[in-house]
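Here's the structure, in structure tokens; my notes come after.
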């Protein structure tokens, strides 16, 4: 048994400056080839964004209209030399949801390094599209594409890594911990959890190895004996480098490697396997050795995930099961795969949401492709906003004031924040402070009324249990969009000046707050969960 002792534990840093950036080629173009390319903060941001996409599009009949269409007027080449159901559907639907056009290129359309050299293919294809999603054979193929591409490349699967699958797995695990205040549980909630891998030594396992220990998760691996199943030294080196970059005072999870499935599942919170059983006609993703079916069946004797295996091995009573699909009965029993322990179908769906977030994040890290609308405003004080009844609010009157701008909604779980915002306004108004409310109906249709009805809800004193109204006296603008093609000028400016976590500009929900100092500088952006009272000290400092 191979054992890597605990070395550092995750304590998520809120500072974007501590996050690593994606690896880039000689031209500075970023790509996502493995989760080793991402810091823990970046992984956290991608997962949180995935959850936002999922909530918004599931809650709203026209959910696509409620998200930032970051791929609008862009073409993404979906280049697959390996067949797939989930990855193809997830990739094409993700591009469409973000407003782009997905161009699928099958093996019959393009053969990497066959009729044309890999560098030439990369240069030609990338000159005509805005991004590449590549599902290839050897990892050198996706590395070659990324090296020569003029646009970002996302690895949808290679022989060595499968980053988008592990992101989907993590999102599925985090969803077990529930969500509070419209947010996903943080990565820190998985610290100390144990994942048991019972199966092949392959690309999925490799991305687990470079990711889970950094998060403080323990990974216990059972793989067959033999040269084909030994650990990859390149992957091991990446794992050790990732651990070395964590702060010394933190402790990561450990890795155990054995050939005994029962030993691996002891105290496991999650048991995971992959496609290791293949027929002669199957396309073998992990190893490429279709002719070795009989030998592989002998190698994997005793590796089927069953209730008996988990019980005899001592898995935790509430253990859950994950599998990337497609599944064969030799890999996992029906009662586990279709039973209450199985998370495989939510896991499959989560491929879409995580791939959407990957597209948006990789796109946002490449300035030439970011495509964000730029408005001709050199100063906060040049902005104007629409008031109800076709009136205009001129921001020049805000010179010398400290300003808090909030996108509001009248039927949201955060609507009671109106009360706290009014308290701030009353407390600091005489010292040069003002709150501006921007009603918006883009998040689950939680502000459906017209300007008059919205104003009534805000201005009346909080009343009986039948009517929740708030004594708001600060200015409330006319209803407008804060995301998408019709974003009002104020929020376009604010998002450019102060992007959210990991550079995501999109407003994620109602009651996102921006604090502006006396000189018109956007100094802070607060999430919807940040209470008005907790902002008071920051306001005091600016006053």
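No lab work stands behind these numbers, since they all come straight from the coordinates. Just so we're clear, the structure is a prediction, and the values are computed from it rather than from any experiment. Cβ: placed from backbone, ideal geometry, glycine included. Neighbour counts: every protein chain shown.
Rounded to 0.05, the FRET efficiency of the residue 244 and residue 524 pair, given R0 = 45 Å and the Cβ-Cβ distance, is 0.85.
What's the FRET efficiency of residue 128 with residue 93 using the Cβ-Cβ distance as r and R₀ = 22 Å, to the nearest 0.05?
Computed FRET efficiency for residue 128 and residue 93: 0.50.
Spin-label model, residue 316/residue 83: points 7 Å from Cα along the beta carbon direction are separated by 3.8 nm. Highest average first, the peptides 512-520, 204-212 ordered by how many other beta carbon atoms sit within 10 Å of their residues are 204-212, 512-520.
For the stretch 300-338 and the stretch 383-411, what is the separation of their C-alpha centers, rounded to whole Å? That distance is 57 Å.
Site pair residue 419 and residue 387 shows an inter-label distance of 2.8 nm when each label is modelled 7 Å from Cα along Cα→Cβ.
By the count of neighbouring beta-carbon atoms within 10 Å, fewest first, 257, 509, 197, 236 end up ordered 236, 257, 509, 197.
Available extension along the chain between residue 394 and residue 541 is 50.4 nm, counting 0.36 nm per residue and deducting the alpha carbon span. Each of 497, 240, 331 was scored by other Cβ atoms within 10 Å of its Cβ. Listed from fewest to most, they are 240, 497, 331.
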